[in-house]
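Peer 1: My questions will all concern the structure given below.
The values are calculated or read from the model by the stated rules, or taken from the named source; none is laboratory data. Bear in mind that the values here come from a model prediction, so they are computed numbers and not experimental data. Heads up, the Cβs are rebuilt from the backbone with ideal geometry, glycines too, and the neighbour counts pull from every protein chain shown. What goes into the accessible areas is simple: the full protein's heavy atoms, side chains included, and nothing from ligands, DNA or RNA. Shrake-Rupley method; radii C 1.70, N 1.55, O 1.52, S 1.80 Å.
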Amino acid sequence: ARLRVRLAAERAFESGDGSTVMAELANARAHDDPIVAAEAVSLAHHCLLGPHFAAERAALAGELLALAAATGRPTDHLMGLVWRTCNGILAGDDRARRSLGELRRALEVEQCDALAFVVAAWEVMLAIRAGRLRDAEHLAEGCLRLGTDAGDVDAANWYGAQLIAIRWAQGRLGELLGL
């Protein structure tokens with residue numbers, strides 16, 4: 001069941017069609033193992049990032065947080081917080097900041113470099129949104145270090161995108177042409 005969900009998620013990610021992963025999610029929920037369900041819920045959420053899936057994503061994040069109690073795995077709880085925070089940020093919901101704070105506190109207890117990198121990337125984005133561009137640039141440098149240390153192959157790409165956004169907001173995009 002875990003492999004079928006993973007393969008369906010890979011297909012959904014390539015095609016943009018989440019129907020196959022949702023069908024496999026239904027099968028995973030039918031298992032007695034909450035770990036199977038938790039992994040399937042998280043993968044399904046990852047495949048439904050378009051704006052038209054906002055309600056489904058909110059339900060999946062809540063379901064994952066509930067399943068985390070049954071699995072006893074800290075990673076399931078952390079991923080539930082990540083998805084809830086992601087949903088709030090995507091929706092522009094003011095409660096996203098509170099959810100981000102809860103996620104930060106949870107990461108202090110149960111450290112995860114990959115998720116710390118995600119949080120750092122969100123902090124850069126939020127600083128850019130708030131017009132704190134100098135802070136955003138320093139945060140982006142820290143985010144690059146975190147991503148590199150965590151082994152994220154896209155850390156440099158994220159940094160480049162963050163720097164482009166910062167320079168664009170500063171009206172200094174031309175400085176990046178040489179790069």
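Peer 1: Search segment 57-74 for residues that are of a type in the set (A, V, I, L, M) and pair each with any residue that is open to solvent by 50 Å² or more (accessible area, probe 1.4 Å) when their beta-carbon atoms are under 6 Å apart and the residues are at least 6 apart or on different chains.
Peer 2: From residues that are of a type in the set (A, V, I, L, M), the pairs are 61/84; 68/77.
Peer 1: Quick check: is even one residue across segment 93-114 farther than 30 Å from residue 56 by Cα, part of a helix (DSSP H, G or I) and polar (S, T, N, Q)?
Peer 2: no
Peer 1: Among the listed residues 161, 169, 165, 155, which satisfies the condition of being surrounded by 14 or more Cβ atoms within 10 Å (Cβ to Cβ) and more than 25 Å from residue 114 (Cα to Cα)?
Peer 2: 169
Peer 1: Out of (1) open to solvent by 60 Å² or more (accessible area, probe 1.4 Å); (2) in contact with a helix residue (DSSP H, G or I) (Cβ under 6 Å, 6 or more places away or on another chain), the odd one out for residue 149 is which?
Peer 2: (2)
Peer 1: Further, regarding this structure: Is there a residue in segment 145-160 that is acidic (Asp, Glu), under 18 Å from the mean Cα position of the chain (by Cα) and outside any helix (DSSP H, G or I)?
Peer 2: yes
Peer 1: Answer with yes or no whether residue 139 is more than 16 Å from the chain's Cα centre (by Cα), under 23 Å from residue 101 (Cβ atoms) and open to solvent by less than 80 Å² (accessible area, probe 1.4 Å).
Peer 2: Yes, satisfied.
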